[in-house]
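In what follows, a structure is listed as structure tokens, so that the remarks can point back to it.
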Amino acid sequence: MKYRALGRTGLKVSEIGFGAWGIGKGLWIGASDDESLKALSRSIDLGLNFIDTALGYGDGHSEQLVGQLVRQRSEAVYVATKIPPRNEVWPARPGTPVVETFPADHVIKCTEKSLKNLGLETIDVQQFHVWSDEWVGKGDWLGAIQKLKDQGKIRFFGVSINDYQPENAIKLLESGALDTVQVIYNIFEQSPGEKLFPACERHDVGVIVRVALDEGGLTGKITPDVTFAPDDFRNNYFRGDRKQQVYERVTRIASDLGITLDDMPETALRYTLSHPAVSTVIPGMRTVRNVERNCQIGDGAGLPEKTLERLKAHRWDRNFYQ
Ligand SMILES: NC(=O)c1ccc[n+]([C@@H]2O[C@H](COP(=O)([O-])OP(=O)(O)OC[C@H]3O[C@@H](n4cnc5c(N)ncnc54)[C@H](OP(=O)(O)O)[C@@H]3O)[C@@H](O)[C@H]2O)c1
């Protein structure tokens with residue numbers, strides 16, 4: 001496993017990090033705690049040292065599993081978690097005052113709750129689970145973040161940028177308040193490369209890439225007849241003819257690159273790691289098998305220039321969360 005600087009934090013994080021939404025259950029149906037713990041443990045064996053979770057993932061369940069694992073291991077493992085907006089609206093809607101989303105008392109209360117779920121004394125990266133640049137210079141949240149840093153309860157602060165709005169954190173980033181951003185970046189969603197990544201490089205802000213596999217769309221496993229358990233959020237994400245659309249797009253990518261559908265997860269992860277602004281990519285993993293496949297990819301090798309050039313044509317601007 002290779003490691004990269006997480007912006008100016010001084011942390012060196014594994015190229016492959018662990019996306020821990022799915023193991024929290026909640027909107028993802030089908031994880032077993034036993035397999036999730038084995039997957040987490042195997043990832044640490046393979047050199048992974050960065051885990052992304054959230055207070056909201058399974059109402060703290062993901063944090064509890066992550067904390068259990070981290071406490072058992074002697075290796076340094078960095079944990080990032082997230083504070084949900086108090087109004088529980090994802091993503092942040094324009095015009096919403098920050099007092100409705102991240103007032104100081106909520107920031108502090110949620111951090112205390114996460115520390116308890118994790119069973120740890122410090123959170124390495126505390127993130128807001130949504131963000132709007134309208135909130136720069138407003139409210140009392142920044143004082144709360146500073147207080148938590150001073151108390152040693154959090155080390156660094158980041159935001160998880162709203163889906164498909166990569167530029168809606170640049171003002172905050174330029175204000176100097178941010179240590180990291182988390183953003184959707186994948187073969188379909190290429191827009192963070194335009195303005196966000198250059199801004200992160202200029203300000204030495206760490207980049208955590210989420211949804212590199214398009215919630216499974218870029219794994220080659222979303223075929224027109226695949227089904228999900230009732231209540232799994234992907235019934236909505238891939239509703240109607242979306243599975244067919246995804247399958248056609250991914251088949252075209254594979255044939256354009258001369259690879260098989262089975263090679264797609266590797267190509268999709270390497271795509272994200274090919275950008276120099278990216279610190280770590282956090283695929284969602286619930287099984288030892290996926291951990292073993294994905295951790296092999298953190299070997300420092302990006303995709304060849306020619307492949308990256310070809311992939312530009314496969315950009316697909318759309319929002320399946322809506
Ligand atoms: N707003 C936010 O802040 C936000 C939103 C979304 C995600 N996130 C974070 O980003 C992480 C990643 O996003 P995600 O988990 O939603 O989606 P993702 O990483 O794009 O995709 C996860 C899917 O890919 C599958 N997968 C992983 N590795 C694979 C492999 N090698 N071969 C085949 N399939 C593979 C998983 O399989 P299984 O189904 O078998 O597990 C799962 O279905 C989350 O876990 C979370 O930490 C944050």
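Of all residues in the range 80-88, none satisfies being open to solvent by 10 Å² or more (accessible area, probe 1.4 Å), at pLDDT 95 or above, among the polar types (S, T, N, Q) and out of contact with any helix residue (DSSP H, G or I) (no Cβ under 7 Å at 6 or more places or on another chain). Within the range 138-166, if we keep just the residues that are of a type in the set (Asp, Glu) and more than 16 Å from the ligand (Cβ to nearest atom), the residue that is most open to solvent (accessible area, probe 1.4 Å) turns out to be Asp150.
Scanning the range 202-238 for residues that are more than 16 Å from the ligand (Cβ to nearest atom), more than 20 Å from the chain's Cα centre (by Cα) and either of a type in the set (S, T, N, Q) or open to solvent by 70 Å² or more (accessible area, probe 1.4 Å) (or both) returns Arg202, Asp225. Can you report the number of residues in the range 30-79 which are open to solvent by less than 30 Å² (accessible area, probe 1.4 Å), aliphatic (A, V, I, L, M) and within 17 Å of Val281 (Cα to Cα)? The qualifying residues number 8.
At least 3 residues that are free of Cβ contacts under 8 Å to residues at least 12 places away in the same chain in each: list the helices (runs of 4 or more DSSP H) lying fully within the range 112-222 that qualify. Step through it out loud before you land on a result.
Values: elements: 141-150, 170-175, 196-203.
Per the criteria, 141-150.
To keep it simple, each residue is scored yes or no on (1) in contact with a Lys or Arg (Cβ under 7 Å, 6 or more places away or on another chain); (2) aliphatic (A, V, I, L, M); (3) open to solvent by 10 Å² or more (accessible area, probe 1.4 Å); (4) closer than 25 Å to Asp163 by Cβ.
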| residue | (1), (2), (3), (4) |
| --- | --- |
| Lys243 | no, no, yes, yes |
| Tyr247 | no, no, yes, yes |
| Pro265 | yes, no, yes, yes |
| Arg270 | no, no, yes, yes |
| Arg289 | no, no, yes, no |
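The values are calculated or read from the model by the stated rules, or taken from the named source; none is laboratory data. Just so it is clear, the structure is predicted and the values come from calculations on it, not from any experiment. Every residue, glycine among them, receives a Cβ derived from its backbone with ideal geometry; neighbour counts consider all protein chains shown. These area figures cover heavy atoms from the full protein model, side chains too; ligands, DNA and RNA do not enter into them. Shrake-Rupley method; radii C 1.70, N 1.55, O 1.52, S 1.80 Å.
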